[in-house]
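Q: Below is one structure. I have some questions about it.
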Amino acid sequence: MNSSSRRCFLQRMGAAAGFTAGAAALTGLFHNRNLVPGMPPAKTIPSFAVPGTESMMVVAEGTDHAAAVRAALQELGGIQRFIKAGDRVLIKPNCAFDRPAHLGATSSPAVTGEVVRQCVAAGAEVRVIDNPINNPEGCFVKSGLMEAVQSAGGEVWLPSASLFERVQIGTLRIPEWEALYRPLAWADKLIGIPTVKSHNLCGVSLTMKNWYGLLGGERNRLHQAIDEVITDLAQFIRPTLVVLDGSRLLVSNGPTGGSPADVRPGHVIAAGTDMVALDSFGARLLGHAPQEIGYLGMAANLGLGVMDPEELRLFKKVRASS
Amino acid sequence: MRTLRRFYQAFFLALFIAAFVLTAQGLLKGYPVTVFLDSSALNGLGTLLSAQNIAYTMWIGFLILALTAFCGRFFCGWICPLGTLFHIASFLLRPKKTTDRIKQNLYSRAQVAKTLLLIVLLMAAGFGFMQVGLFDPIALLTRTAAALVSPGMRAGWLLIFIFAVLLLLNAWRPRFWCRYICPQGALLGLIAHLMPGGIVRDEEKCTDCGLCNRDCPGACSPSTRTRMAECFVCGNCMQDCPENALSWQWMPPREKLDLQSGLTRRGFFGAIAGGAAAVAALRTQPAAGYPARIRPPGALDEPHFLDRCLKCGQCMKVCPTGVLRPALSEAGISGLWTPVMDMEQGYCEYNCTLCGQVCPTGAIERLTIAEKTEQPVKTGTAFVDRSRCLPWSFGRNCLVCEEVCPVSPKAIYKETVEVEIDGKTVEIHRPRVDPERCIGCGLCQHECPVNDLAAIRVTSAGESRSPDGSFFLQ
């Protein structure tokens, strides 16, 4: 055996050892590695409520619905109490369906437009969002909300897949769900403009149910426990302000309506911060006692609000002069 | 002349793309987005034969046909967007050597195939087997473009594959489609024989170098006698001739041009017989209907629909929910690529009639929203699959289908029953369908939480377009 073959032997042994060590290192690195990435932790959504404005509701009647909105806001202390100059305000009307405004399945353009105008006048940047059941653009255009929002100085934010992330929701049924996280993270303030509608499964669709439109994912599964899910939504969203649009009431065939015969004039706007009180008021407008509505009882039990308006810190009724 | 022609080709391609992009909700504001489909006289002639009807917008095609009698196949050389794309592909895929390019562009007797296809298609259309749109260049391009961009065209991969093959065939013969297959080109070629002029070779000056064939897209043989049925009147040959031996002449002696389409008597009668025989495919249609053959709202009853549908895919492009996709087997052989609703992809939007607005031939009627919703137009009927439905089969509440049902009063109603589950009495709401009110929009199916095979599904039964559509005793 000459020296050159010894060197050759050592080189080969070294290469083999290096190869083995490399393989072992790679195995160690990838061993038992979870190749399917886990779900990232769910995001949290902060409260949008302004301290000192809790437990209030003002009901304003009047056939001029924009004036009724102004009157209700006036009694609450003016929009300035809720919105500061420079705020980024996200508004969630009910724009769930591809319907013309007079059919009452979507928030009225007059009411939504007025809220946008008030916020813009207070110096805020306003974006309006909903994740509807039908084609989003079609819903905003045909409901008249696109036009109303834009002419009032706001912007419609059409939902797209990139806006959604998993967020924490509530304690009863859905701890986490896909939601419009990016708009919610963008916003400093959040205003809901629900409509007053009958609902096939849960009785009435009002403020709390309106937050459905912030969710994505397999929403159609939520109906299997609808009262618990709506109560979870009331834990998920603590809005700055709610303007319940009772300018017209969808009394039958809800929540889609579809015929003028399903709509009654309401001429009432309820603005406030207690979602249970607002929804109890709305339920009465549709001829339901709040106790009949499953999710209102659950929400009241969790201390999310009160059914009886007399228990509110501030409760007023006003007539808007038209 | 090359520069000018390229400018025109680019312009019309851009115009085609613009019309295509505008075929969308929110952009379609009365623009004549069907203008290219209308410009192909083949489409008008086909529907004339099959449906004894031409959409009035198709006058453009006949204008082009008339102009062809004076100017030849300028449509192929200067306008057709499909031709332009194939022209670009041919340019990119062309061989390096001049001799190879000349060889590729020599006239081939097989170019008569397109004329035979034209006869077969028109013959079959006359017998009610309307497949003109399958081979119309504009319908082909529109359909493929729709498959490429539309969310509702997941079934369209085959269309894209076919188009890719057609693109690659340009490497073997430049503008392969235009020379060998295109029946619209064949039709224009036949008319081009009427031309009072043509490209004529001066035999004194010609040195038989063959350079005129180098960039001849139509392979019309300018090096001997120009075949007017194949000539795209692009003028490349005149520009490429080093001896200036080729020139445009008005009223040349007839023997200076080749006015043969290459069609033999045997071929002609063969094609006639073939076209008549192709009608046998109609017999593959079932007596009743295919359950998945759910047509868009406003579609004429099936025989009349098939008489007019060009399978151009405009309806699929414009549909805001993407519910429309090209049929493969859902509508029989004669219904290949025709639009069907696929509720896995979308649903028919209640307040929408866009598909009828962009249909070039009226296969889908131009309805108003009121006409659609008040009659109402029924595209089918929803059936609850009780073995998969949550309330029916599993004793769980759901009722999403009822919630989203867009008609008033709702076509889905609930039946409330008390069910004992684990010793507890539970109230369960079960969905039921009222077939009189159901319009077959498929929103219930689209929204059903049972996500592989929905527990409520629409089939074409009960569609209002067909006179015997209803399955109830009236």
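The values are calculated or read from the model by the stated rules, or taken from the named source; none is laboratory data. What you are looking at is a predicted structure, and each value in this text was computed from that prediction instead of being measured. Heads up, the Cβs are rebuilt from the backbone with ideal geometry, glycines too, and the neighbour counts pull from every protein chain shown. Just so you know, the surface numbers come from the protein's heavy atoms only, side chains and all, with ligands and any DNA or RNA stripped out. Shrake-Rupley method; radii C 1.70, N 1.55, O 1.52, S 1.80 Å.
Q: Only one of these conditions is not met by residue B:440: (1) part of a loop (DSSP other than H, G, I, E, B); (2) open to solvent by less than 10 Å² (accessible area, probe 1.4 Å); (3) at the interface with chain A (Cβ under 10 Å from one of its Cβ atoms). Which number is it?
A: (3)
Q: Could you identify the single residue in B:189, B:185, B:197 that is surrounded by fewer than 23 Cβ atoms within 10 Å (Cβ to Cβ) and small (Gly, Ala, Ser)?
A: Details: B:189 fails: surrounded by fewer than 23 Cβ atoms within 10 Å (Cβ to Cβ); B:185 fails: surrounded by fewer than 23 Cβ atoms within 10 Å (Cβ to Cβ).
The conditions single out B:197.
Q: Evaluate the following for residue B:283: is it out of contact with any strand residue (DSSP E or B) (no Cβ under 8 Å at 6 or more places or on another chain) and within 19 Å of residue B:191 (Cα to Cα)? Spell out the reasoning first.
A: Numbers: out of contact with any strand residue (DSSP E or B) (no Cβ under 8 Å at 6 or more places or on another chain): yes; within 19 Å of residue B:191 (Cα to Cα): no.
In short, no.
Q: Now a separate question. For segment A:310-319, indicate whether the set of residues that are open to solvent by 30 Å² or more (accessible area, probe 1.4 Å), within 14 Å of chain B (Cβ to nearest Cβ) and either aromatic (Phe, Trp, Tyr) or outside any strand (DSSP E or B) (or both) is non-empty. Explain how you work it out, then say what you get.
A: First, pick out the residues of segment A:310-319 that are open to solvent by 30 Å² or more (accessible area, probe 1.4 Å): A:310-311, A:313-319.
Applying the additional criterion that residues be within 14 Å of chain B (Cβ to nearest Cβ) yields none.
No, that holds for no residue.
Q: Can you find a residue in segment A:138-146 that is more than 14 Å from chain B (Cβ to nearest Cβ) and open to solvent by 30 Å² or more (accessible area, probe 1.4 Å)? Spell out the reasoning first.
A: Our first condition is that a residue be more than 14 Å from chain B (Cβ to nearest Cβ); within segment A:138-146, this holds for A:145.
Retained after the next criterion (residues that are open to solvent by 30 Å² or more (accessible area, probe 1.4 Å)): none.
No, that holds for no residue.
Q: For residue B:134, state whether it is touching a Phe, Trp or Tyr at 6+ places or on another chain (Cβ under 8 Å) and open to solvent by less than 30 Å² (accessible area, probe 1.4 Å). Full working, then the answer.
A: Numbers: touching a Phe, Trp or Tyr at 6+ places or on another chain (Cβ under 8 Å): yes; open to solvent by less than 30 Å² (accessible area, probe 1.4 Å): no.
Answer is no for this residue.
Q: Tally time: how many residues in segment B:382-411 are more than 7 Å from chain A (Cβ to nearest Cβ), closer than 12 Å to residue B:444 by Cα, open to solvent by less than 10 Å² (accessible area, probe 1.4 Å) and outside any loop (DSSP other than H, G, I, E, B)?
A: 1
Q: So, residue A:178, is that one surrounded by fewer than 22 Cβ atoms within 10 Å (Cβ to Cβ), within 13 Å of another protein chain (Cβ to nearest Cβ), in contact with a helix residue (DSSP H, G or I) (Cβ under 9 Å, 6 or more places away or on another chain) and more than 18 Å from residue B:402 (Cβ to Cβ) or not?
A: Details: surrounded by fewer than 22 Cβ atoms within 10 Å (Cβ to Cβ): yes; within 13 Å of another protein chain (Cβ to nearest Cβ): no; in contact with a helix residue (DSSP H, G or I) (Cβ under 9 Å, 6 or more places away or on another chain): yes; more than 18 Å from residue B:402 (Cβ to Cβ): yes.
No, not satisfied.
Q: Hey, can you tell me all the residues within segment B:242-263 that are over 25 Å from residue B:134 (Cα atoms), touching a Lys or Arg at 6+ places or on another chain (Cβ under 9 Å) and open to solvent by less than 60 Å² (accessible area, probe 1.4 Å)?
A: First, the residues of segment B:242-263 that are over 25 Å from residue B:134 (Cα atoms): B:242-260.
Remaining after also requiring touching a Lys or Arg at 6+ places or on another chain (Cβ under 9 Å): B:243-247, B:249, B:255-260.
Scanning segment B:242-263 gives B:245, B:246, B:247, B:257, B:258, B:259.
Q: Give the residues of segment A:168-198 that are in a loop (DSSP other than H, G, I, E, B) and farther than 19 Å from residue A:136 by Cα, sorted by residue number.
A: Quick first cut of segment A:168-198, residues in a loop (DSSP other than H, G, I, E, B) only: A:169-175, A:180, A:187-188, A:194.
Listed by number, the residues that qualify are A:169, A:170, A:171, A:172, A:173, A:174, A:175, A:187, A:188.
Q: Moving on. Which residues, counting only those in segment B:88-107, are within 11 Å of residue B:172 (Cβ to Cβ) and small (Gly, Ala, Ser)?
A: Answer for segment B:88-107, where residues must be within 11 Å of residue B:172 (Cβ to Cβ) and small (Gly, Ala, Ser): just B:90.
Q: A further question follows. Just checking, which of B:3, B:68 is over 21 Å from the mean Cα position of the chain (by Cα), open to solvent by 50 Å² or more (accessible area, probe 1.4 Å), away from chain A (no Cβ under 14 Å) and modelled with pLDDT of 90 or more? Before the answer, list the steps.
A: Values: B:68 fails: open to solvent by 50 Å² or more (accessible area, probe 1.4 Å).
So the residue among B:3, B:68 that is over 21 Å from the mean Cα position of the chain (by Cα), open to solvent by 50 Å² or more (accessible area, probe 1.4 Å), away from chain A (no Cβ under 14 Å) and modelled with pLDDT of 90 or more is B:3.
Q: Given the criteria open to solvent by 90 Å² or more (accessible area, probe 1.4 Å) and touching a residue at least 40 places away in the same chain (Cβ under 8 Å), does residue A:57 qualify? Write out each step before concluding.
A: Values: open to solvent by 90 Å² or more (accessible area, probe 1.4 Å): no; touching a residue at least 40 places away in the same chain (Cβ under 8 Å): yes.
Judged against the criteria, residue A:57 is not a match.
Q: Can you tell which of A:125, A:114 is over 16 Å from residue A:87 (Cα atoms) and of a type in the set (Asp, Glu)?
A: Just a single option satisfies the conditions, and that option is A:114.
Q: Then there is this: Scan segment A:79-98 and give yes if some residue there is crowded, with 24+ Cβ neighbours inside 10 Å, among the charged types (D, E, K, R) and part of a loop (DSSP other than H, G, I, E, B), otherwise no.
A: Checking segment A:79-98: at least one residue is crowded, with 24+ Cβ neighbours inside 10 Å, among the charged types (D, E, K, R) and part of a loop (DSSP other than H, G, I, E, B).
Q: Can you tell me which residue in segment A:204-225 is nearest to the other protein chains (Cβ to nearest Cβ), limited to those that are surrounded by 21 or more Cβ atoms within 10 Å (Cβ to Cβ) and either at positive phi or not in a helix (DSSP H, G or I) (or both)?
A: A:205
Q: If residue B:462 passes every condition in (1) crowded, with 19+ Cβ neighbours inside 10 Å; (2) in contact with a helix residue (DSSP H, G or I) (Cβ under 9 Å, 6 or more places away or on another chain); (3) modelled with pLDDT under 95 but one, which one does it miss?
A: Only one criterion in (1) crowded, with 19+ Cβ neighbours inside 10 Å; (2) in contact with a helix residue (DSSP H, G or I) (Cβ under 9 Å, 6 or more places away or on another chain); (3) modelled with pLDDT under 95 is unmet by residue B:462, namely (2).
Q: Output the number of residues of segment B:444-474 satisfying the condition of being within 20 Å of residue B:302 (Cα to Cα), of a type in the set (Val, Ile, Thr) and more than 27 Å from the chain's Cα centre (by Cα).
A: Of all residues in segment B:444-474, those within 20 Å of residue B:302 (Cα to Cα) come to B:458-472.
Keeping just the survivors that are of a type in the set (Val, Ile, Thr) gives B:458-459.
Next, only the ones that are more than 27 Å from the chain's Cα centre (by Cα) stay: none.
Total satisfying the criteria: 0.
Q: May I ask you to list the residues in segment A:283-301 that are outside any helix (DSSP H, G or I) and either touching a residue at least 60 places away in the same chain (Cβ under 8 Å) or of a type in the set (A, V, I, L, M) (or both)?
A: If the condition is that a residue be outside any helix (DSSP H, G or I) and either touching a residue at least 60 places away in the same chain (Cβ under 8 Å) or of a type in the set (A, V, I, L, M) (or both), then A:286, A:288, A:289, A:293 are the ones that fit.
Q: Out of all the residues in segment A:244-258, which are within 7 Å of chain B (Cβ to nearest Cβ), touching a strand residue (DSSP E or B) at 6+ places or on another chain (Cβ under 8 Å) and open to solvent by less than 20 Å² (accessible area, probe 1.4 Å)?
A: Initial filter on segment A:244-258 (within 7 Å of chain B (Cβ to nearest Cβ)): A:253, A:255-258.
If we keep only those that are touching a strand residue (DSSP E or B) at 6+ places or on another chain (Cβ under 8 Å) too, we end up with A:253, A:255, A:257.
Hits for segment A:244-258 are A:255, A:257.
Q: If I filter segment B:302-323 for residues that are among the charged types (D, E, K, R), on the phi > 0 side of the Ramachandran plot and either within 16 Å of the chain's Cα centre (by Cα) or within 13 Å of chain A (Cβ to nearest Cβ) (or both), do I get at least one hit? Spell out the reasoning first.
A: From segment B:302-323, those among the charged types (D, E, K, R) are B:302, B:307-308, B:311, B:317; that's our starting set.
In the following step, the residues that additionally are on the phi > 0 side of the Ramachandran plot were identified as B:311.
Next, from what is left, pick out any that are either within 16 Å of the chain's Cα centre (by Cα) or within 13 Å of chain A (Cβ to nearest Cβ) (or both): B:311.
Looking through segment B:302-323, at least one residue is among the charged types (D, E, K, R), on the phi > 0 side of the Ramachandran plot and either within 16 Å of the chain's Cα centre (by Cα) or within 13 Å of chain A (Cβ to nearest Cβ) (or both).
Q: Moving on to the next point. How many of the residues making up segment A:126-137 are within 11 Å of residue A:91 (Cβ to Cβ) and open to solvent by 10 Å² or more (accessible area, probe 1.4 Å)? Give the derivation first.
A: Kept after step one, since they are within 11 Å of residue A:91 (Cβ to Cβ), are these residues of segment A:126-137: A:126-130.
Keeping just the survivors that are open to solvent by 10 Å² or more (accessible area, probe 1.4 Å) gives A:127.
Qualifying residue count for the region: 1.
Q: Shifting gears a bit: Residue by residue through segment A:182-203, note down the ones that are within 11 Å of chain B (Cβ to nearest Cβ) and in contact with a Lys or Arg (Cβ under 8 Å, 6 or more places away or on another chain).
A: Those that are within 11 Å of chain B (Cβ to nearest Cβ) and in contact with a Lys or Arg (Cβ under 8 Å, 6 or more places away or on another chain): A:199, A:200, A:202.
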